[in-house]
Every structure is written in structure tokens, then in C-alpha cells.
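Read through the structure below, which is laid out as C-alpha cells, and then see the notes.
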Amino acid sequence: MFTWKNTWKELADAGVKTAVAPIGSTEQHGTHLPLSTDTLITERIAEAIAEDLQAYLTPTIPIGQSAMWLEYPGSLSLSPDTLKAVMADMVESLVKSGFTTILFVSVHGGNEAVYRGFPEGLQKRYPGVTIFTAGYTVWVRETWVNIWRTALERAGLPELVHADEAETSLILSLRPELVGPHPTDCPLPKDRYPKGMTMRQTYPSGSMGHPSRATKEKGDQLWKELLPLILDDVRRQLREARQ
Ligand SMILES: [Zn+2]
């Protein structure tokens, strides 16, 4: 794997033509997880993919679309147009310097610019270049839903929503030193986004679920189950894109 700590000469000599570009988010994650939670998970997945493909891991874009959480201090949000412009400029840079495969990675479901056809649309501008997204959120595309559902089930965890049991378990596994001592549960109401209520009124702590049930063991198991499924899916997408 290559990163921005390498020189351009090292990338050129190795003939690296594949870039993996993580796009994170900076948004509230309850009273116990850092604002950087989605960025940290995204980076770890992107790192594993870049390692697997012997690719260039670009620096992470640490801010995404998080408008729904702006009532909570520290959350930052880019508009869809801004995020798309950043992605388009990254692609332009990578293509001009010789990359032929560009893979965006994000686990933040709010990053619609990353998921809703925009990367595929960019590809039309650059014939011969493969551009796609590995978007490992639980709800955007059927294959990704299945990947998470399978891994969560095998780890004995419920659906991952936000700063809940599953996400907290994962951070306990990946970055335990960043998990605070005061997870505050907010049970999910039947209607997750009740009309006339703000997010902070509905989820005072910022958690959507039961982070107090999280354990490191469940997180370890989730990561162990998740990663092979993700790597298989990326290899499959690459094969299909190059056919
Ligand atoms: Zn998250």
C-alpha cells in the first residue's frame, strides 16, 4: 500500500494505477464516541482495501454530509454540491497523474454524493477509467446491506443505526482509547424521524439505540466477519467494472 507519506517516485516506480479515497464525516456520535467515528471506521476499511489491492490510499476527506446533526456542537457538514466538487477535483487530479481505477470508500450513510450515482456519472467524463464506490453503510445498496447484515448477525449484534450497540462495539474494537465512559441509551421510537421534532429532541444523547450494551468482544467479532466480505465485494466489483 502507498500513502501520502510516500514520494511520487515510489508510486511511479511501483506502477500504481489504483487509488482508494476515503470520505468520512465529522458528526456527533452520542455522549461517548468521538465526532470522528465514521471517519475512523472508513479509514480502517479503506486502508484494508488499499493494502489488498496494493493501491494508493489518498488522504481522507474528513467532512461529509451531516446536516441532520448540526444541533450538536462540533458537527460539520458539506453541502452535496461541495462534496461532489471535491470528489470531482480528486478524480481529475488522479486521472491527470495516471491513475486508471479510483475507488471511493465511505461508511457514512448521509454521504449521498458518494452513493447516488455520482461516481458512476464521473466515469463518463473519463473513458478508460474505472470509478466506483465501496459504500459500506447498512442501507444504501442491497449487496452492502447484506454484507453488514451477515456480519452483524454472526457477531450477535442488532442493526447498526447510529452511535448504538453495534457502532460502539466496533469502535471498542478498533480504537478503544477513544470510547468515553458514559454511553447514554436512546431507544428507537417506532418512527425514527418523528414529524415536528428535531433530532436533538428525539435523541437527546445523540445515540440511536443502546450503546450501553456494546462490548469489545462483539466489535472484534464484527470486524473479523466484516472485512473478508468487504474485500470479496471490492474484488468482484473490480472484475465486473473491468470486463
Ligand atoms: Zn457513525
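Run the numbers on the chain and let me know its relative contact order in percent, using alpha-carbon pairs under 8 Å that are six or more apart.
20 percent
For the chain, what value does the Rg/Rh ratio take when both radii are computed over Cα atoms and Rh is the Kirkwood radius, given to two decimals?
0.98
Using only Cα atoms and rounding to the nearest 10 degrees, what angle (0 to 90) does helix 37-53 make with the longest principal axis of the chain?
30 degrees
Setting aside same-chain residues fewer than 8 positions from LYS218, which lysines have a Cα under 27 Å from its Cα?
Cross-link targets: LYS190.
Charges only on Cβ, +1 for Lys and Arg, -1 for Asp and Glu: so what's the dipole of the stretch 176-243 about the Cα centre, in debye to the nearest 20?
Charge dipole, the stretch 176-243, about its Cα centre: 260 debye, nearest 20.
Take the cross-link list LYS17/LYS124; LYS9/LYS96; LYS17/LYS96; LYS84/LYS224; LYS84/LYS124 and give me the ones stretching past 21 Å between alpha-carbons.
Listed pairs above 21 Å: LYS84/LYS224.
Could you give the size of the charge dipole of the chain about its Cα centre, using +1 on the Cβ of each K and R and -1 on the Cβ of each D and E, expressed in debye and rounded to the nearest 20?
440 debye
Counting only helical runs of four or more DSSP H residues, what would the 222 nm mean residue ellipticity of the chain come to if each run contributes -39,500 (n - 2.57) and the total is spread over all its residues? Let's see the in-between values first.
On the way: 9 runs with 107 residues, N = 243.
Value at 222 nm, helices only, nearest 500: -13500 deg cm²/dmol.
Can you tell which of TRP144, LEU227, ALA155 lies farthest toward the positive end of the dipole of the chain, using +1 and -1 charges on the Cβ of basic and acidic side chains (Lys, Arg; Asp, Glu)?
In the chain, that residue is TRP144.
Quick one: ranking MET90, MET68 by accessible area, 1.4 Å probe, largest first, what do you get?
Heavy-atom accessible area, descending, gives MET68, MET90.
Take the alpha carbon atoms of the stretch 153-191, find their center, do the same for the stretch 24-75, and report the distance between the two centers in whole angstrom.
Using only Cα atoms, the two centres lie 16 Å from each other.
Please report, as a whole percent, how much of the solvent-accessible surface of the chain comes from carbon and sulfur atoms (probe radius 1.4 Å).
On the chain, the fraction of accessible area on carbon and sulfur atoms equals 55 percent.
Compute the helix-to-body angle for 165-174: its Cα long axis versus the longest principal axis of the chain, expressed 0 to 90° and rounded to tens.
Its long axis makes an angle of about 50 degrees.
Sorted by accessible area with a 1.4 angstrom probe, largest first, how do TRP144, TRP4 fall?
TRP4, TRP144
The values are calculated or read from the model by the stated rules, or taken from the named source; none is laboratory data. Please read these numbers as outputs of a predicted model, since none were measured by experiment. Heads up, the Cβs are rebuilt from the backbone with ideal geometry, glycines too, and the neighbour counts pull from every protein chain shown. Accessible surface is based on the protein model in full, side chains and every heavy atom, while ligands, DNA and RNA are left aside. Shrake-Rupley method; radii C 1.70, N 1.55, O 1.52, S 1.80 Å.
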